[in-house]
Amino acid sequence: LAVALALSSIANLLGRQQLYDKAMVLLEETLRIRLLHLGPDHEDVAAILFAIGVAFDKRMEYTSAMMAYTDALRIRKMRFGDKSIEVAETLTNIGIVKGNDSDLQGAIETWEEALEILVDLGCDENHPLIGILAGHREVAK
C-alpha cells in the first residue's frame, strides 16, 4: 500500500503538469494495488476512482470519467452515507463532466443535489465547495 500511495502522489504531480496520460498509468496501477489489498468497497479505492475521473475529464473522455465517478460515488455513499462532504464533492465533479459534455441542465441538477447535501450538513456560503458550486451554476446558466 505504500507503493500505491507513492504512485498516486506522483500521478498527482504529473496531473498538475498536465501529463494526464502518464498520470493515468500510475493511477490505474494504484487502483489495481488498492483493489487487491483493500477490496472494491474501500474509501481509498473511491479516492483513486475519483482521481481517475479527474484525469479522464481532463483528457475529454467524458464517458470514462462518468464511469469512474459513478463507481466512486457508489462507494462513498456506502462508506459515508448519502449526505456527506465526500458525496457532495463527487456530485460536483459529475456535474463538471456533464457540463463539459454539453449537458448543462444535467450539470445544474447535479450541482443542486450537491448543494442540497452541503446545506443539510450545515455548511454555509463560506464553505469552499459551495463557492465552487455557485460559480459553476452561474457559468452554466
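The values are calculated or read from the model by the stated rules, or taken from the named source; none is laboratory data. It should be emphasised that the depicted structure is a prediction, and the values quoted were computed from it without experimental measurement. Remember, those area values only see protein heavy atoms, side chains included, never the ligands or the DNA or RNA. Shrake-Rupley method; radii C 1.70, N 1.55, O 1.52, S 1.80 Å.
Per DSSP helix of 4 or more residues, -39500 (n - 2.57); summed, then divided by the residues of the chain. What does that give at 222 nm, rounded to the nearest 500? Write out the running numbers ahead of the final one.
On the way: 7 runs with 115 residues, N = 141.
Calculated from helices alone, the mean residue ellipticity at 222 nm is -27000 deg cm²/dmol.
So for Y69, Y62, what's the accessible-area order with a 1.4 Å probe, most first?
Ranking Y69, Y62 by accessible area, largest first, yields Y62, Y69.
Of the residues S64, S102, S84, which exhibits the maximal mean-square fluctuation in a Gaussian network model of the chain defined by a 10 Å Cα contact cut-off?
Looking only at S64, S102, S84, the largest GNM fluctuation is found for S102.
If contacts are Cα pairs under 8 angstrom and at least 6 residues apart, what is the relative contact order of the chain in percent?
Worked out over the chain, it gives 16 percent.
Label the stretch 2-57 by shape, choosing from rounded, prolate and oblate, from the square roots a ≥ b ≥ c of the eigenvalues of the Cα gyration tensor; if a/c is under 1.5 it is rounded, and otherwise prolate applies when a/b is larger than b/c, oblate when it is not.
Cα axes put the stretch 2-57 in the prolate bin.
Pick out the long, greasy-scoring helices in the chain: whole DSSP H runs spanning 20 Å or more along their own axis by Cα, mean Kyte-Doolittle at least 0.5. Before the final figure, lay out the partial values.
Details: long enough: 2-16 (21 Å, 1.41); 20-38 (25 Å, 0.35); 43-58 (23 Å, 1.20); 62-80 (25 Å, -0.18); 85-100 (22 Å, 0.46); 104-120 (24 Å, 0.31).
Once both thresholds are applied, what remains is 2-16, 43-58.
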